[in-house]
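Below is one structure; the comments refer to it alone.
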Amino acid sequence: MSDVLLQVRNLHAQYGPTKVLHGLDFDVKAGGITTILGANGAGKTTTLRAVCGMVKTQGEVVLGGERIEGKATENIVRMGVAHVPDGRGTFLNFTTEENLRMGAYTRKDRAEVALDYERMYTYFPRLKERRRQQAGTLSGGEQQMLAVSRALMLRPRLLLLDEPSFGLAPLVVQEMFEIFKAINQRDRISMLLVEQNASLALKLADHAYLLETGRVVISGTSESIRNDESVRRSYLGY
Amino acid sequence: MDLLIHQVLSGLATGGIYASVALALVMIYQATHEVNFAQGEMAMFATYLAWTLLQAGLPYWVAFFITVIVAFVGGVVIERVIIRPVENAPILAVVTVFIGLLVIFNSVAGWIFSYTIKPFPSPFPEQPLFGNAYLSSHELGSMGITLVLLLMLFVFFRFTPLGLAMRAAAQNPVSSRLVGVRVGWMLALGWGLAAAIGAIAGMMIAPVVFLEPNMMGGVLLYAFAGALLGGIDSPGGAVVGGFLVGILENIVGAYLGTELKFTVALVLIVTVLVIRPSGLFGKIHVSRV
């Protein structure tokens, strides 16, 4: 079996008494991009939160050979997992730059961190213009770019993305997904992408899982799912 | 006119102490969205600790630093042991815990040290510095100490990574965890700092009002008024508010009589909350949905 970075087996998750995930199994290969698709309420966001330890879980979550279920979020992050949450999670009262600085909080290599600021600004020039502006005054699209940049400042080995296309203009989405492809290929950052926009996700990812009310109903390579007309029609709507 | 100058300058001296306690209140408010009503009693208890060390014969500044450090550690412990379990509890539960702490510290201090007032020494000389007629050495000295303290805190929060992390943890604990910040420890650190600030304030005010378990009641009231006036979510505002309240207290005391000093503070609190709850400098945060 080739290198599997994230292995999830029989994952159950609940918010208080409400069970949301019912025994999920999925993998993210090292250097690969896996996408989780599904309608609203299928449990996609909960899945990412479960990987990060943000909700109560049962089951197995294995990152690079180590069991991480039950660990505190901040400790999972320190193992190299960066999560771009739904709602972006921007530090609204901080400047753009301070948000990026927080992204690099756990890193000790100051020279490399400085290089990474510049790298984010080349990916997203709009952020450079607004570096000293209060982040809460940025547009939705800019905050999304900031959220992604902040996650990348960690130099993660696994990047969790929760609907990064949400609320963005199509052209911006295209640019962003090209950046994702670039960093995946160049820096070998593995990604777990949650998306409602199935066609977009299937173009980027190599593997896909389809969730329906907390269960995996279809899984396979994105190519096989793209080419399966019945799946596309009944589940993905195109 | 001479009286006015004297009152203003004297007001700045006590205002510095109110500003420090107001800052401690704001720090905890920013992190927990609750006002720590026990702040004054914790400071009083720390001052009693200093008194005990002085009675044991330790030199003043040694006792001072030991007290500050013990207060810091105490604050951290209180947050981890007492506050953390009620982190996500409804507001009423948290307020009850704060009031419980207030009562416990007050009663235990009275029990251990009795309620008779005790004199507390000032580290500054008896004679006014430079022979000036306006400020005693203690007033000048405590102004100096509180200004240094406030400056150190400003530099810490504004320019150090840990200060940034503490502000982040207060502002958005979920996102802070997502960048690896240990939010629980940031809160504990905040409590430690607030307790240390309170200890310093207590040791500066005790020579003036004499040491007894209810010593900090008035100070807390003024600090609270100052924090509200300046803006409960603005550290800079809280400091300015503290100084303003100090001056106001003295002017009211001189021109309207000392019976009305507390009343004026309470009136100020209500007025601010009714007219402009965000205070003079409370930031209006813009956030896009």
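Residues are listed down the side, and each one gets a yes or a no for (1) in a helix (DSSP H, G or I); (2) surrounded by 16 or more Cβ atoms within 10 Å (Cβ to Cβ); (3) within 14 Å of another protein chain (Cβ to nearest Cβ):
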| residue | (1), (2), (3) |
| --- | --- |
| B:LEU135 | no, yes, no |
| B:THR146 | yes, yes, no |
| B:LEU162 | yes, no, yes |
| B:VAL174 | yes, no, yes |
| B:GLY192 | yes, yes, no |
| B:ALA199 | yes, yes, no |
(Q) Name the residue that is farthest from the other protein chains (Cβ to nearest Cβ), counting only residues in the range A:160-188 that are of a type outside the set (D, E, K, R) and within 20 Å of B:ASN172 (Cβ to Cβ). (A) A:PRO164
**Q.** Filtered residues of the range A:74-92 (kept if touching a residue at least 12 places away in the same chain (Cβ under 8 Å) and crowded, with 20+ Cβ neighbours inside 10 Å)
**A.** A:ILE76, A:VAL77, A:VAL81, A:ALA82, A:HIS83, A:VAL84, A:PRO85, A:ARG88, A:GLY89, A:THR90, A:PHE91, A:LEU92
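Listed here are the residues, each with its yes/no results for (1) touching a residue at least 24 places away in the same chain (Cβ under 8 Å); (2) within 20 Å of A:LEU5 (Cβ to Cβ).
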{"residue": "A:SER165", "(1), (2)": "yes, no"}
{"residue": "A:GLU178", "(1), (2)": "no, no"}
{"residue": "A:GLN185", "(1), (2)": "no, yes"}
{"residue": "A:GLN196", "(1), (2)": "yes, no"}
{"residue": "A:ASP228", "(1), (2)": "no, no"}
{"residue": "A:VAL231", "(1), (2)": "no, no"}
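Sort through A:ARG132, A:ARG119, A:ARG126 and tell me the only one that's in a loop (DSSP other than H, G, I, E, B) and either of a type outside the set (S, T, N, Q) or at pLDDT below 95 (or both). Please lay out each step first, then the result.
Details: A:ARG119 fails: in a loop (DSSP other than H, G, I, E, B); A:ARG126 fails: in a loop (DSSP other than H, G, I, E, B).
Answer to the check: A:ARG132.
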Q) What number goes with the only condition from (1) within 14 Å of chain A (Cβ to nearest Cβ); (2) surrounded by 16 or more Cβ atoms within 10 Å (Cβ to Cβ) that B:LEU140 does not pass? A) (1)
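I'd like the residue in the range A:71-116 that is part of a loop (DSSP other than H, G, I, E, B) and of a type in the set (Asp, Glu) and, out of all such residues, is nearest to the other protein chains (Cβ to nearest Cβ). Show your work before the answer.
Start the filter on the range A:71-116 by keeping residues that are part of a loop (DSSP other than H, G, I, E, B), which leaves A:71-72, A:78-80, A:85-94, A:104-109.
Keeping just the survivors that are of a type in the set (Asp, Glu) gives A:86, A:109.
Values: A:ASP86: 11, A:ASP109: 14 Å.
Among them, the one singled out is A:ASP86.
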Q: State the number of residues belonging to the range B:53-86 that are touching a residue at least 60 places away in the same chain (Cβ under 8 Å), surrounded by fewer than 20 Cβ atoms within 10 Å (Cβ to Cβ) and either among the hydroxyl-bearing types (Ser, Thr, Tyr) or part of a loop (DSSP other than H, G, I, E, B) (or both).
A: 1
Q. How many residues does the range A:217-238 contain that are over 20 Å from A:LYS29 (Cβ atoms) and either hydrophobic (A, V, I, L, M, F, W, C) or under 24 Å from the mean Cα position of the chain (by Cα) (or both)?
A. 7
Q | Qualifying residues in the range A:121-144 (those that are within 14 Å of chain B (Cβ to nearest Cβ) and of a type in the set (A, V, I, L, M)) - the one nearest to B:PRO161 (Cα to Cα) | A | A:ALA135
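The values are calculated or read from the model by the stated rules, or taken from the named source; none is laboratory data. For clarity, every value in this text was computed on a predicted model and none was experimentally measured. Glycine also receives a Cβ, built like all others from the backbone with ideal geometry; neighbour counts cover every protein chain displayed.
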